[in-house]
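Student: Could you have a look at this structure, given as structure tokens, before my questions?
The values are calculated or read from the model by the stated rules, or taken from the named source; none is laboratory data. Keep in mind that what you see is a predicted model, and the values were worked out from it rather than measured. Every residue, glycine as well, gets a Cβ built from its backbone with ideal geometry; the counts of neighbours run over all protein chains shown. Ligands, DNA and RNA are excluded from the accessible area calculation, which covers all protein heavy atoms including side chains. Shrake-Rupley method; radii C 1.70, N 1.55, O 1.52, S 1.80 Å.
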Amino acid sequence: MRTSFGERLLDLAVNGFLWGFRILIVVIVVLGTFLTIRAGKYTSEQWIDFVVFGISQGSIYALIALGYTMVYGILRMINFAHGEIFMSGAFGGYFIATWLTGIGFMDKYPVFGLIISMMFGMLVSTLIALLVERIAYRPLRGAPRLVPLISAIGASFFLQYTFRGFFGPGVYAYPSMKALDGEWIFFGIGILKVQIVVTIAAVVMMSILYSIVMFTKIGKAMRAVSENKDVAALMGIDVNRIIVTTFALGAAMAGAAGVLYALTYRQVNFFTGFTPGIKAFTAAVLGGIGNIPGAMVGGLVLGIVESVGPALFLDSIGIPRPYQLKDAIAYIMLVMILLFRPSGILGERVSKKA
Amino acid sequence: MMIKKENLIWIAIKTGLLSGVIAIFLCLIGMIEVFSKRDVIEHIITLGDFILLVSAVSAGIIAARAASNPDQEKQPLKNYLAGALAGLTTGILIIAFIGLSQTINLRSVFLSASPSLFKLLTFKGGTSWIWIYPSIGLASGLLGTTLFLLPEKFRQPITRAIFITFLMALFSGLFRVIMINRAGSIAKLAKYLFGQTGLTLSGATIFFVAIIAISMFWTARSKNLQEGFSRIPKAGQTSLRVALYVLLAYVVIMLPQVSGPFIAQVVVIVSLYALMGLGLNITLGFAGLLDLGFVAFFAVGAYTVGLLTSYGIFGLQHIPFWVAVPIAVLVAMMFGAFLGLPVLGVRGDYLAIATLGFGEIVRLLAGSDFLAPFFGGPQGIIGIQKPCLGTLGEFLKVDVPRICNGIEFGGPKEIYYLAVASAILVAFIALRLQKSRLGRAWMAIREDEDVAEALGINLIQTKLLAYMLGAAFAGLGGAIFTVLVGSIFATSMQLIVSINVVALIIVGGMGSIPGVIVGAIALIGMPELLREVSEYRFLFYGAALIMMMLAKPEGLWPSQATLRELHHEDPGEDLDVASSQAKA
Amino acid sequence: MAIILSAKKVIKRFGGLVAVNSVDFDIPEKSIVSIIGPNGAGKTTFFNMITGFGKIDEGEISFEGTPIHRLRPDQITNRGISRTYQNIRLFPDMTALENILVGQHLFLHSSWISAVLGTPRVRAEEQMALEEAQRLLNFVNLKGKGDMLARNLPYGAQRRLEIARALATKPKLLLLDEPSAGMNPRETEDLTEFIHRIRDDLGIAILLIEHHMRVVMGISERITVLDYGEKIAEGTPSEIQSNPRVIEAYLGRGAATEGMANAHERYSDNKTETPSQ
């Protein structure tokens, strides 16, 4: 028997480390929350602002996350280029919105203008996603997992720098829509119109997608393919077509999210897709990857935590400018989920070896 | 199998359309315009022209190949028809694009569809371009078909000559700079062969012809040469090898003296990326663990050296570089264990994302105001001491800022030696590791984790070592980078650095040590040397990653096992022997 | 004879399904023992539990008197249990020789530092490992195939290489999961002889999972029959062949089961020999 002392020490170190990590995070969260609430530095209006912003931001993450989750559900592959698909939608929306604003249509019919912009962004995203799928993913189906992932990373950078080539490295300012300026007052609390519109639009898109997946024939086929490709093929389902449809639907959602994101931040650039892309992936994992309602819940949770977190957890434990660490909070959530509960909040228990 | 005529035409047109679309794409991302500023052959062909030509010629080759029947005799007429049609289509598509640009303002969407691009494409205005493109397209298509139809014996030397002449042209400015400072006749030769940015016409012709000649001679004689070498007695072979190594060493040592600081700096950066590549090659290439947060270890190495040697406000100590480096490597290793421990159980694609998350967390924390009192935050760490090689007394002195009385590694020309020596050392270590028990265990984990465990390999220990050693190499790279630049900023620790390293490993060949070096030279060295190319380097990386995965997952320089297999004599025959032995 | 491996009241569940139900099982030293049973009887699950890949829910597995069911797979291998897989699992992109060298991992002690330094001890150790690997290659009739990538070896050679790799861990107990799958009658005969040779020459106890009744009956000293996770019979080959419960398990439980069992037998051997014969 050679189970040495060193080996046992190593096991102890691994477990100790993981537990230490958990405890550290819990302590920061609990202590930070306690101190913040006791200090009372933020008013309740501010908290509501944080939460509302989190919800609108989270609903955008949720929209993007749907694409990750559906593709993963069907192909067991992380579509690393999904963030860039999202960015392409934002660009598509930008050009059409600028044009509509230029001819005065946007001011006259803001609702239609918004819808047209979103539709166009969705169209652009879908086309690009289908191209990427055809060129970079389809030939690699069935290859070892790292192969399509690396190809997807390649696609991500190729798209980023293609857009940089097309539109330059500068930041494009989205046209301002008069209809979206200002606030609406609810129960004496002012909420930015943009945030409400963005949330409503995102919820509508998600309901459309959800009904497609749950209630149409093609949705049923999608679910069948994600359960078992071979059996689905035996049942006469054209698996290839379903995969393409999945990419298209996911990309359309990302395209819509791109336009909504750009409405919130009023700008777009070739690098816009990267950070929201990673965060949406976090949301997808958070909700249990492959799980559509999970992606929606995950997006909202992430949006709210990220928005409330810096003030609630970090501010009072002596961290200056906690908003610099907003992204770090999202990444820490990502790492924690991957480490401790890779199946997510709503996901069924997936074995580590899957 | 007979290809129908309609099919043939359609295939040719399709190929032509595809290459035309690619050409237009290259125009729209601005590549053609940028590249047209660099000549391939002085005053005759610019890099932009060359790329457009290549796309038309390859359309010709592809169409001609599609038109020919593998089991039949070649039918030149059919091939030429297809090639010509493809080339013509490419040309017509470009005309259509230019025509479109005259009627619609493409610039309102595409930044690069600028007047200067179209001035370039229409040959400074006028209408002559309308017939130039189809005729050039046609000619390229025919040229492609001719290339395709040529027997292998001629085709290979010609394509090789085109490729090498092209490379010479790309780097001709470099050769010129090196040669022009020499004695009179060499300088004259330089002016004769090399222009400011490309080859002269005479230079191009000389190279082209010479390479064809050498190449044909070589193919004819290579067998004889190999035989000749093996006929030399053993001692002679060894001394020949030694002589070769000595020559190589001489070149490496003399290079910065001859070439000046710019080239030295490029070599330093290539060496540093090779260092990181060798590190990631252990985790990714050997053990199969994709780490997208690799830059974190680079950062740890850099910050450790920075904090230990800087005489700026954040410097904790002012110890000599030579003491700080081993500490930095150790700290990076510990950090490797620190990040490795939690993610050990995470597999495959999740691991990639988890490590990406870690890398970003490290960058965000290092650049935040929260940790600014330690790491300088957005201001970074400046005033990092250059390494100094002097007497022992010198070594122990602690005055600040230190004045170097020995040899100071002040600039790229000196740090060159440091970087190259480190890269060679690390390559040696990696080679030894690869062939060791541990190397085999890593590869076993890469191939099949469960089986590796069932053979008695402790997964935790082995993976952790892969992380730690990979991190150590990256830490060393970071340490040297710091003294090269003299400062550290968190913003230089972007994800893109990790992606660079992943790309160079993939392109070079996963798990192959020479592959990493080839990858570093190709992916880091080339863009550093060519300003025009460097603007599109990440586009190239992306395309390279996809294309490598599609066409050549084993990389440009595959690892030994694959090579050995390729050189194995006729496995088919062996199989029969094996099974008959089994039956016996 | 002394018992080398003993399982007591072993239970394994997958959700609601009980894959292995309260099985008692002993393997004497230097014996050849088989587990048979219809598809889905829990044979491979049982293998996985012995080698530490699936943790058992209840019961105890002990090897040479000490419990092993809480150990990791690499620790269990270290104790002296090694295995092959139903669908061959070699390291496909490593050479045959490297595959075996990986199997010797436990017996090489050089640290990575000494490997980097290339100390004489490391060199001597590597040299010995190479010689041992060559010896094992010869033992499984793969002489001269050391430099071939595992994935390029023919099927039968892959099977033998997998056994050689398992032997490289110097096991006291070797678990073979359907070693004759996909072999023709001639190869099967060689395999039977080969398994005998492993036991006789190396003194290793062997546990087989096998569908191929000719192999099982010809080679095993004892046979255990599993059905739906339960042990339904145990004994010598002749006892098993005449055991009514075994015959029922293979033939008597509805047309579907029968069809499948028979189809499988026919698939794996032209001259089918079911226990009923």
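Student: With θ set to phi - 60° and the Karplus curve 6.51 cos²θ - 1.76 cosθ + 1.60, what are the ³J(HN,Hα) couplings of segment B:298-304 in order, to the nearest whole Hz, using x for Gly and Pro?
Tutor: Result, rounded to whole Hz: 4, 4, 4, x, 5, 5, 4.
Student: Would you rank B:Tyr245, B:Tyr303, A:Tyr210 by solvent-accessible area, highest first, keeping every protein chain in place and using a 1.4 Å probe?
Tutor: Values: B:Tyr245 155, B:Tyr303 15, A:Tyr210 85 Å².
Largest accessible area first, the residues go B:Tyr245, A:Tyr210, B:Tyr303.
Student: So what is the calculated 222 nm ellipticity per residue for chain C, using -39500 (n - 2.57) for each DSSP H run with n of 4 or more, over all residues, to the nearest 500 deg cm²/dmol? Working shown, then result.
Tutor: Details: 11 runs with 112 residues, N = 277.
That calculation yields -12000 deg cm²/dmol at 222 nm.
Student: Hey, another quick one. Taking H as built 1.01 Å from N, whose amide H comes closer than 5 Å to the amide H of B:Asp39, not counting residues under 5 places away?
Tutor: The list, which skips near neighbours in sequence, is B:Leu47, B:Thr197, B:Gly198.
Student: For the protein assembly as shown, take every pair of Cα atoms, bin their distances at 10 Å starting from 0, and report each bin as a whole percent.
Tutor: Percent of Cα pairs in each bin: 2, 8, 14, 19, 20, 17, 12, 6, 2, 0, 0.
Student: Would you work out if segment B:1-149 is rounded, prolate or oblate? Take a ≥ b ≥ c from the square roots of the eigenvalues of the alpha-carbon gyration tensor; rounded if a/c is under 1.5, else prolate when a/b is larger than b/c, oblate otherwise. Working shown, then result.
Tutor: Working: a/c = 2.54, a/b = 1.91, b/c = 1.33.
Here segment B:1-149 falls in the prolate category.
Student: Using only helices, what value at 222 nm comes out for chain B when you add -39,500 (n - 2.57) per DSSP H run of length 4 or more and divide by the total residues, to the nearest 500 deg cm²/dmol? Provide the component values of the computation, followed by the final result.
Tutor: Working: 28 runs with 420 residues, N = 584.
About -23500 deg cm²/dmol.
Student: Among the listed pairs B:Lys463/C:Lys12; B:Lys463/C:Lys8; B:Lys14/B:Lys119; A:Lys220/C:Lys12; C:Lys143/C:Lys170, which have their C-alpha atoms separated by more than 23 angstrom in this model? Intermediate results must be reported in sequence, preceding the final value.
Tutor: Details: B:Lys463/C:Lys12 30 Å; B:Lys463/C:Lys8 35 Å; B:Lys14/B:Lys119 28 Å; A:Lys220/C:Lys12 34 Å; C:Lys143/C:Lys170 20 Å.
Over 23 Å apart, Cα to Cα: B:Lys463/C:Lys12; B:Lys463/C:Lys8; B:Lys14/B:Lys119; A:Lys220/C:Lys12.
Student: OK, next. So how exposed is B:Lys188, as accessible area in Å² (1.4 Å probe, rounded to 10)?
Tutor: Roll a 1.4 Å probe over it and B:Lys188 shows about 150 Å².
Student: Between A:Ala280, A:Ala248, A:Ala90, where does the largest GNM mean-square fluctuation fall for chain A, given springs only between Cα atoms within less than 10 Å?
Tutor: Among A:Ala280, A:Ala248, A:Ala90, the largest mean-square fluctuation in the Gaussian network model of chain A belongs to A:Ala248.
Student: Separate question: First obtain the Kirkwood hydrodynamic radius of segment A:1-79 from its Cα pairs, then insert it into the Stokes-Einstein equation at 20 °C and 1.002 mPa s, and state the resulting D in µm² per second as a whole number. Before the final figure, lay out the partial values.
Tutor: Numbers: Rh = 17.4 Å.
Taking Rh from Cα pairs, D becomes 124 µm²/s.
Student: At a temperature of 4 °C and a viscosity of 1.567 mPa s, determine how fast chain B diffuses translationally according to Stokes-Einstein, using the Kirkwood radius over alpha-carbon pairs as Rh; express D in µm²/s, rounded to the nearest whole number.
Tutor: Values: Rh = 27.4 Å.
Reported coefficient: 47 µm²/s.
Student: Right, another one. Over chain C, what is the mean sequence separation of C-alpha contacts under 8 Å (at least six apart), divided by residue count, expressed as relative contact order in percent?
Tutor: Numbers: 486 pairs, mean separation 67.8, N = 277.
With pairs under 8 Å counted, the relative contact order is 24 percent.
Student: Give me the percent of accessible area attributable to carbon and sulfur for segment A:159-230, probe 1.4 angstrom.
Tutor: Working: 2550 of 3830 Å².
Ligands and nucleic acids excluded, carbon and sulfur reach 67 percent.
Student: Which value does Rg/Rh take for chain C over its C-alpha atoms, Rh per Kirkwood? Don't jump to the answer; show the numbers that get you there.
Tutor: On the way: Rg = 19.6 Å, Rh = 19.7 Å.
We get a ratio of 0.99 for chain C.
Student: In what sequence, largest accessible area first, do B:Ser140, B:Ser128 appear using a 1.4 Å probe?
Tutor: Largest to smallest exposure gives the sequence B:Ser128, B:Ser140.
Student: What does the charge dipole of chain C about its Cα centre add up to, to the nearest 20 debye, if the Cβ of each Lys and Arg holds +1 and the Cβ of each Asp and Glu holds -1?
Tutor: Details: 33 positive and 35 negative charges, 106 e Å.
So the magnitude is around 500 debye.
Student: A follow-up question, please. Quick one: compute the contact order of segment B:499-550, relative version, from alpha carbon pairs under 8 angstrom and 6+ residues apart, as a percent. Walk me through the numbers before you get to the answer.
Tutor: On the way: 43 pairs, mean separation 17.1, N = 52.
Relative CO of segment B:499-550 lands at 33 percent.
Student: Quick one, could you list the DSSP H helices from chain A stretching 20 Å or more along their long axis (Cα atoms) with average Kyte-Doolittle hydropathy of 0.5 or above? Don't jump to the answer; show the numbers that get you there.
Tutor: On the way: long enough: A:5-39 (48 Å, 1.50); A:44-75 (45 Å, 1.07); A:82-102 (30 Å, 0.65); A:110-132 (33 Å, 2.33); A:146-167 (31 Å, 1.28); A:193-215 (32 Å, 2.09); A:239-265 (38 Å, 1.35); A:292-309 (25 Å, 1.62); A:326-340 (21 Å, 2.04).
Span-like helices here: A:5-39, A:44-75, A:82-102, A:110-132, A:146-167, A:193-215, A:239-265, A:292-309, A:326-340.
Student: Also: Give the value in nm², to one decimal: projected area of the alpha carbon convex hull of chain A, averaged over all directions.
Tutor: On the way: hull surface 89.7 nm².
Its average projected convex-hull area is 22.4 nm².
Student: Take chain C, connect every pair of alpha-carbon atoms lying under 10 Å apart with a spring to form a Gaussian network, then pick out the residue of C:Arg72, C:Arg222, C:Arg165 with the largest mean-square fluctuation.
Tutor: Comparing C:Arg72, C:Arg222, C:Arg165 in the GNM, the peak value goes to C:Arg72.
Student: Contact order normalised by length for segment B:20-161, with contacts defined as Cα pairs under 8 Å and 6 or more residues apart; what percent is it? All intermediate terms of the calculation are to be shown ahead of the outcome.
Tutor: Working: 187 pairs, mean separation 44.5, N = 142.
Reported as a whole number, the value is 31 percent.
Student: As an exercise, take the mean of 1/r over every pair of distinct alpha carbons in segment B:263-494, invert it, and state the Kirkwood radius in angstroms. Each step should come with its number before you reach the end.
Tutor: Working: mean 1/r = 0.0552 Å⁻¹.
Computed over Cα pairs of segment B:263-494, the Kirkwood hydrodynamic radius comes out at 18.1 Å.
Student: Which residue, C:Ala96, C:Ala129, C:Ala164, has the most motion in a Gaussian network model of chain C that connects Cα atoms within less than 10 Å?
Tutor: Greatest mean-square fluctuation among the candidates belongs to C:Ala129.
Student: Let me ask something additional. Just to verify a number: what accessible area does A:Asp49 come out at with the full protein assembly present, 1.4 Å probe, Å² rounded to tens?
Tutor: It works out to around 80 Å².
Student: Can you tell me the orientation of helix B:234-259 relative to chain B, as the angle in degrees between its alpha-carbon axis and the longest Cα principal axis, to the nearest 10?
Tutor: The helix B:234-259 is inclined about 90 degrees to chain B.
Student: Sticking with this one: Probe 1.4 Å, all protein chains in place: accessible area of B:Ser108 in Å², nearest 10?
Tutor: 80
Student: Sort C:Asp57, B:Asp291 by heavy-atom solvent-accessible area, probe 1.4 angstrom, most to least. Could you put the intermediate results ahead of the total?
Tutor: Details: C:Asp57 75, B:Asp291 5 Å².
Largest to smallest exposure gives the sequence C:Asp57, B:Asp291.
Student: Using just the helices of chain A, give the 222 nm mean residue ellipticity in deg cm²/dmol: DSSP H runs with n ≥ 4 each add -39,500 (n - 2.57), and the total is spread over all residues, rounded to 500. Write down the numbers at each step before the final one.
Tutor: Numbers: 13 runs with 250 residues, N = 354.
The helix-only estimate for chain A comes to -24000 deg cm²/dmol at 222 nm.
Student: Lys/Arg Cβ at +1, Asp/Glu Cβ at -1, dipole of segment A:73-228 taken about the Cα centre: which of A:Leu192, A:Ile135, A:Tyr172 is farthest positive-ward?
Tutor: Farthest towards the positive end: A:Ile135.
Student: Still on this structure, I have one more. log10 I(q)/I(0), Debye, Cα-only segment A:157-290, no solvent, q = 0.11, 0.23 Å⁻¹?
Tutor: These q points yield log10 I(q)/I(0) values of -0.58, -1.36.
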